[in-house]
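Data first, discussion second: the structure below is written as structure tokens.
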Amino acid sequence: MAAIAVVPNYTPSVWVRLCHAIPRLDLTLQIRDSVFTPDSWEYQQTLLVLSSFSAIALLLSLLVVLSFLIHYCCCHRGEGGRDADEEEEDDDASGGHGYGSRKGRGICCVTWVSVTAVILCCVAIGVGFYGNSEANDGMYQLTSSLLTANYTLASIDLLVSDTVTGLQQSISGPLTSMEEVFGGHKPALVPTRSCRRLSERVVSLLSNLTLGKGLIPVNDGIYRANGSESIVGALTPAPPSVTLTLSPSSNNVPVPFAPGWAANTLMVNEDYRWLSYVLLLLLDLVVCFFILLGLAKQARWLLILMTVLTWLALFLSWGSLGLETATVVALSDFCFDPNTFVLNSTHFNSKTSTEILDYYLTCNRRMNSPFQQLLTQSQRALSSIHSHLSNLERDALPRFPKAEKSLREVQQILNSTEGNFHQLVALLNCRGLNKDYVDSLKGLCYDGMEGLLYLSLYSFLSALAFTAILCSLPGAWRSFHSDSEEYEDSDSESEDPFTSHQDSKRFLQWQPWL
């Protein structure tokens with residue numbers, strides 16, 4: 001619980017806590033912890049065990065449906081003659097309508113069971129559409145936050161590169177020209193060389209500005225990176241044209257996390273996931289609609305076709321429930337304590353120090369920025385350059401007017417550098433990236449978790465509904481008259497211009513004055 005409190009403006013939801021509290025068993029039925037470690041085989045076993053409950057439920061559904069099929073096929077076969085006699089007697093007692101007979105009551109019961117199951121399936125479809133929309137909203141918020149964080153990191157890299165490039169141009173261009181103009185005039189040459197030295201120092205500091213393993217001191221005030229790359233090189237993907245030409249590393253180093261690549265991958269996968277669920281929901285909706293139509297029209301061929309599709313929908317419902325169960329449990333484990341996973345994962349800290357990660361994940365006001373010393377030294381160096389240029393403008397320009405153009409160029413580059421530096425300080429503050437981190441957690445662990453729970457409820461209800469439909473449909477279409485029987489009945493009725501003897505007798509008995 002202590003690790004949860006360090007995430008500002010985020011608290012695990014009740015559903016996350018409940019799902020995280022589910023006991024975990026591996027394939028050997030030993031109890032395991034609930035720490036989110038997706039790369040661990042023991043943790044993957046616990047998810048497989050939870051998903052296997054869906055397979056067990058599928059087997060139970062198949063046994064129930066099989067028992068009903070045996071009941072309809074075997075137990076009713078020997079009752080045909082007796083049911084016919086009882087039906088004729090019941091028809092005589094009920095006035096010839098046939099609805100008071102045992103068979104008529106059975107048909108009515110089976111039909112209403114089918115209709116109730118179809119209604120339950122429609123309710124499940126509505127829940128599924130809502131859950132699919134909620135999950136899509138959560139993934140959209142997650143990808144938006146990742147893209148925003150990627151834009152922030154790219155902006156930092158752009159500001160650093162622009163600042164370094166500008167200072168390098170001032171060193172190789174205007175400052176060199178000023179040294180040539182001043183020549184042996186030592187009072188003007190010393191500040192100029194000081195500006196060159198300070199500019200080189202700022203270039204060295206900003207070039208080593210990284211979210212990697214930290215900075216290693218080399219000389220007084222000079223640092224170098226510990227085998228890491230630039231910020232965007234460590235946390236954002238290379239362009240597609242560059243990615244294809246990258247040479248593989250000689251050692252098996254984990255690929256660092258890249259927000260831009262992760263956002264693009266999640267958007268593509270989410271599109272496929274959303275479309276798959278929409279197609280599954282539409283399949284269930286079509287099956288329910290045509291089952292009701294077949295019951296209303298008493299079309300045996302249509303109900304047989306829908307029975308085949310219902311079998312398919314039953315397998316898909318239980319299968320999707322197994323995947324959703326594993327996903328919900330794994331997501332609850334991550335959302336219960338996300339900082340621990342991020343800090344311990346090699347994909348995040350392979351080129352990023354734990355101190356820097358903790359600074360941006362927690363964004364505690366009591367914590368100092370890991371870049372504070374570097375930024376402070378760069379700011380002091382820029383201020384010193386500005387002071388030296390002011391002294392040169394006041395003392396040296398009256399004696400060396402040819403140096404004015406070069407001095408103005410250096411001042412212009414310095415002003416641009418200071419503007420970029422202030423933007424860089426603001427972007428390196430933890431509040432922006434931490435807000436993106438919290439927003440991504442809320443999208444994934446609030447809306448995404450809720451959507452997955454609704455999808456799990458949809459899969460469960462639809463599986464129950466399809467099981468009841470498969471149990472009731474054979475009894476429904478078995479009681480329908482075939483087309484040949486209806487044709488023979490219509491022919492016999494058309495040949496006899498009068499009603500049958502039995503109907504005439506009933507009609508005479510109904511007339512009170514006869």
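How would you classify the stretch 275-324 from its alpha-carbon gyration tensor, with a ≥ b ≥ c the square roots of the eigenvalues: rounded for a/c under 1.5, else prolate if a/b is greater than b/c, otherwise oblate?
prolate
Using the Karplus equation 6.51 cos²θ - 1.76 cosθ + 1.60 (θ = phi - 60°), what ³J(HN,Hα) coupling, rounded to whole Hz, does each residue of the stretch 307-314 give in order, writing x for Gly and Pro?
Karplus values, whole Hz, x for Gly and Pro: 5, 5, 5, 5, 4, 4, 5, 5.
Using a 1.4 Å probe on the protein heavy atoms only, what accessible surface does Tyr140 show? Give it in Å² to the nearest 10.
150
In the neighborhood of Tyr458, defined by Cβ-to-Cβ distances under 11 Å, what is the net charge if each Lys or Arg adds +1 and each Asp or Glu adds -1?
Details: positive: none; negative: Asp284, Glu324.
With Lys, Arg at +1 and Asp, Glu at -1, the net is -2.
Taking K and R as +1 and D and E as -1, what net charge do the other residues with C-beta under 13 Å from the C-beta of Cys335 add up to?
Here the count lands on -2.
Going by amide H atoms built from the backbone, whose H comes under 5 Å of the H on Arg32, apart from near neighbours?
Result for Arg32 returns Arg24, Leu25, Asp26.
In whole Hz, with x marking every Gly and Pro, tabulate ³J(HN,Hα) for the stretch 443-457 from phi via Karplus 6.51 cos²θ - 1.76 cosθ + 1.60, θ = phi - 60°.
Running phi through 6.51 cos²θ - 1.76 cosθ + 1.60 with θ = phi - 60° gives x, 6, 8, 9, 5, x, 5, 5, x, 5, 5, 5, 5, 5, 5 Hz.
At 7 Å along the Cα-to-beta-carbon direction for both Cys73 and Cys109, put a label point, then send me their distance in nm to one decimal.
2.2
Ordering Trp274, Trp318 from largest to smallest accessible area (1.4 angstrom probe), what's the sequence?
Descending order: Trp274, Trp318.
Can you tell me the order of 450-457, 11-18, 265-272 when each peptide is scored by its average per-residue count of other Cβ atoms within 10 angstrom, highest first?
Details: 450-457: 21.6, 11-18: 14.9, 265-272: 13.4.
In decreasing order of mean packing, 450-457, 11-18, 265-272 become 450-457, 11-18, 265-272.
Return the distance in nm (one decimal) between the two label points of a simple spin-label model at Leu309 and Arg365, each offset 7 Å from Cα along Cα→Cβ.
6.2
Stretched out fully, how many nm does the piece from Trp41 to Leu397 gain, at 0.36 nm a residue minus the Cα gap?
120.9 nm
Show me, for the stretch 395-407, the HN-Hα J-couplings you get by feeding each phi into the Karplus relation (A = 6.51, B = -1.76, C = 1.60, θ = phi - 60°), rounded to Hz, glycine and proline as x.
Going residue by residue, I get 9, 8, 4, x, 8, 10, x, 5, 7, 5, 4, 5, 5 Hz, with x marking Gly and Pro.
Just subtract the alpha-carbon distance of Ile119 and Glu200 from 0.36 nm times their residue separation and send over the number in nm, one decimal. Could you put the intermediate results ahead of the total?
Numbers: separation 81, 0.36 × 81 = 29.16 nm, distance 7.55 nm.
Difference between extended and current length: 21.6 nm.
With a point put 7 Å past each Cα toward its Cβ, work out how far Ala154 is from Ser383 in nm, to one decimal.
With each label point 7 Å from Cα toward Cβ, the separation is 3.5 nm.
The values are calculated or read from the model by the stated rules, or taken from the named source; none is laboratory data. Nothing here was measured: the structure is a model prediction, and the numbers come from that model. Positions of Cβ are backbone-derived with ideal geometry, glycine not excepted, and every protein chain shown enters the neighbour counts. Protein only, heavy atoms only, side chains kept; ligands, DNA and RNA dropped before computing areas. Shrake-Rupley method; radii C 1.70, N 1.55, O 1.52, S 1.80 Å.
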